[in-house]
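See structure below.
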Amino acid sequence: MVSPKEVINELLVDVFNHILSIEADVLKKRGVKISMTEVHVLEAIKNTSVPTMGNVAAKLRVTLGTLTTSVNVLVRKNYVIRYRDEADRRKVYLQLNESALEVLKVHEEFHEEMIESMFKDLELEKDEALMKSLENISQYFKQRY
């Protein structure tokens, strides 16, 4: 007999992997020419109130070196503008250009469609226990990691 821990592990990993795979396929079909990792870097830049390299790296939970590698590619592909603070040259800011905003619009549309479909097909809003469990799982990961 399979333990509840094994079932939950398999379900979480399976759902996570399916979402990433489906998301990558849908975005590619809609003309997005960058990787999902790069899309998530753009999203982190957009969602960071003061988008310095350090703040964005912290938001993504990656090292500055890892972020630098991704940002170099995004600058080269013309999605991100990198510039230094005139008062403190150590601070490097990131700014999205129009191409990046278009990619993020497609990305957001995918998420809206996915959630809308789940609510329609599964009637999730009617299952209070499931909603509470998902909230608890989300809180656990936010606090733990």
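Throughout, read-outs are computed from the coordinates displayed, never taken from laboratory work. What you see is a predicted model, and the numbers here were worked out from it, not measured in a lab. With ideal geometry, Cβ positions are generated from the backbone for all residues, glycine too; neighbour counts draw on all protein chains shown.
The trypsin sites (Lys or Arg not before Pro) of the stretch 4-35 that DSSP puts in a loop, and whose beta carbon has at most 14 other beta carbons within 10 Å, are ARG30, LYS33. Length, then width, then depth: along the principal axes, the Cα atoms of the stretch 6-145 run 53, 35, 25 Å. Rounded to the nearest 20, the size of the Cβ-charge dipole of the stretch 4-144 about its Cα centre is 1020 debye, with Lys and Arg at +1 and Asp and Glu at -1. Pairs from the list LYS46/LYS142; LYS46/LYS91; LYS77/LYS105; LYS33/LYS132 with a Cα-Cα gap above 25 Å: LYS33/LYS132. Against the main long axis of the alpha-carbon atoms of the chain, helix 64-76 sits at an angle near 70°. Based on Cα atoms of the stretch 73-145, Rg over Rh with Rh as the Kirkwood radius reads 1.21. With a cut-off of 13 Å, note down the residues of the stretch 102-145 whose backbone N falls inside the zone around a label point 7 Å from the Cα of ILE8 toward its beta carbon. It comes to 133-141, nothing else. Subtracting the Cα-Cα distance from 0.36 nm times the residue separation, let me have the gained length for GLU112 to TYR93 in nm, one decimal. Once the chain is fully extended between GLU112 and TYR93, it gains 3.9 nm.
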